[in-house]
Amino acid sequence: MPLLVGRRVLLIITGGIAAYKSLELIRRLREQGARVRCILTRGGEQFVTPLSVAALSEEKVFQDIFSLTDESEMGHIRLSREADLLVVAPASANVLARMAAGIADDLATTVLLATDKPVLVAPAMNVRMWEHPATRANMATLAARGVRRVGPAAGDLACGETGAGRMAEVADILAAIADMLAAKALLAGRRALVTSGPTHEPIDPVRFIANRSSGKQGHAIAAALARLGAEVTLVSGPVAIPDPPGVRTVRVESATDMLAACQAALPADVAVFAAAVADWRVAEPAAQKRKKQEGAPPPTLSLAPNPDILATVARLETGRPTLVVGFAAETENVLDNARAKRRRKGCDWIVANDVSTGTGTFGGDDNTVHLIGADEEEAWPPMTKEAVAERLAERIALRLEARR
Ligand code: C5P
């Protein structure tokens, strides 16, 4: 069976001699059953004609945001909404720069800025442009935002020079597309709830109690679940990292707000609680800023317990997610404490990690975890938080599949 039946690819063809290979890409995508819609930029038009793109894709070609007919027939939002994946091939140095900067000055870059769909770029340019620090930095920015890249390949370039800059072969672009789309299917039609980051518990309008959680692990899990096709709501405390692509992010401050946002996001098939929720809040936060008073003793804060969001959701009698996953950040007796926590909270799995001083887990990029269930325990090797997220998302997909 063709690999991509019914999958919708929005192909953006920018300027570059490699644009002729994009015609072949359209043909191969069609052979695999994909529906292909194309945006041809002004640069792209210099290398391939709208007529050949339309003939191969069997769709109207979209060319210019300022063309009234294109905008009224199909706005840029709809172009993105009606696609499963955006592919920029060839991706010129110029389009990478505009994407990185968030510039939206034509139809292609406007769609790229407005989209919440996964994006793949196939760069093609002169080797010096590819190796220029500006292009490197732009590519790194895009990668950090979840944009995937295929190529460029090394070899003889159209400009007569040799080096990296040739657009990846059509077969490789096709493989990358298949990888991104096929992977999506595992959690298609599933709803996921993820909590992430710290909470801020107000003392008064300007002060709060917080913790060192960066949100990196929780955000990576939300992104990984979305890449597998789940409809993800991420409830995040205050963090300094960007919202993950393809995820509905709800930002909250306190534990009380986080619980309310989680309840509003239900029902869900899976809920992953990666937030570092404050155990206590200030019982009566002051309505006005507390003032220092000369000679007066420092104020005493009276604390009240916060709701346990994980336990609340795990113990729901109706509407409990099929799979509830908690985290246990421990500084000693990691496994024993995590096993006890799993039972106490009523969740299905606990992801346990050691956050004692020196492990660098809090705020760092790496994590070493154990996955603990009622009948299974796995020690995962040290890996990046992204890799932990990928692996956990795959485990979740397998478990939900087994219960379908
Ligand atoms: O009890 P402890 O804070 O160690 O439990 C950690 C787990 O419980 C994490 O999954 C965390 O997100 C969740 N939790 C919660 N609400 C709280 C406290 C913890 O959801 N108030």
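Here, each number is a calculation from the coordinates, and none is a lab measurement. Fair warning: this is a prediction, and the values are worked out from it, not measured in the lab. So basically every Cβ, Gly included, is an ideal-geometry build from the backbone, and we count neighbours across all protein chains shown.
Before anything else, pin down the relative contact order of the chain: Cα pairs under 8 Å, at least 6 apart, normalised by residue count, whole percent.
11 percent
Could you please state, rounded to a whole Å, how far the C-alpha centre of the range 322-389 is from the C-alpha centre of the range 149-222?
The range 322-389 and the range 149-222 have Cα centres separated by 23 Å.
What is the spin-label model distance, in nm, from ALA182 to ARG399 if the labels are put 7 Å beyond Cα along the C-beta direction?
So the label points at ALA182 and ARG399 sit 2.6 nm apart.
What GluC sites (Glu not before Pro) in the range 151-243 are in a loop by DSSP, with at most 14 other Cβ atoms within 10 Å of the Cβ?
Within the range 151-243, the qualifying GluC sites (Glu not before Pro) (loop, at most 14 other Cβ atoms within 10 Å) are GLU161.
Restricting the calculation to Cα positions, tell me the Rg (one decimal) and the Dmax (whole number) of the chain in Å.
Cα-based Rg and Dmax for the chain come out at 24.5, 83 Å.
For the Cα atoms of the chain, what angle does the longest principal axis make with the long axis of helix 19-31, in degrees from 0 to 90, nearest 10?
The two axes meet at around 70 degrees.
Over the chain, with a Gaussian network built from C-alpha contacts below 10 Å, which listed residue (LEU107, LEU234, LEU193) shows the highest mean-square fluctuation?
The residue that fluctuates most here is LEU107.
Return the subset of LYS21/LYS216; LYS117/LYS289; LYS291/LYS345; LYS216/LYS345; LYS292/LYS345; LYS291/LYS341 for which the Cα-Cα distance in this structure is over 32 Å, preserving the input order.
LYS21/LYS216; LYS117/LYS289; LYS291/LYS345; LYS292/LYS345; LYS291/LYS341
Given a 10 angstrom Cα cut-off, can you work out which residue in THR233, THR359, THR195 is the most mobile in a GNM of the chain?
Checking each option, the largest mean-square fluctuation is seen for THR359.
At q = 0.11, 0.14 Å⁻¹, what is the log10 ratio I(q)/I(0) for the range 8-182, with the Debye formula run over Cα points and no solvent?
-0.40, -0.67
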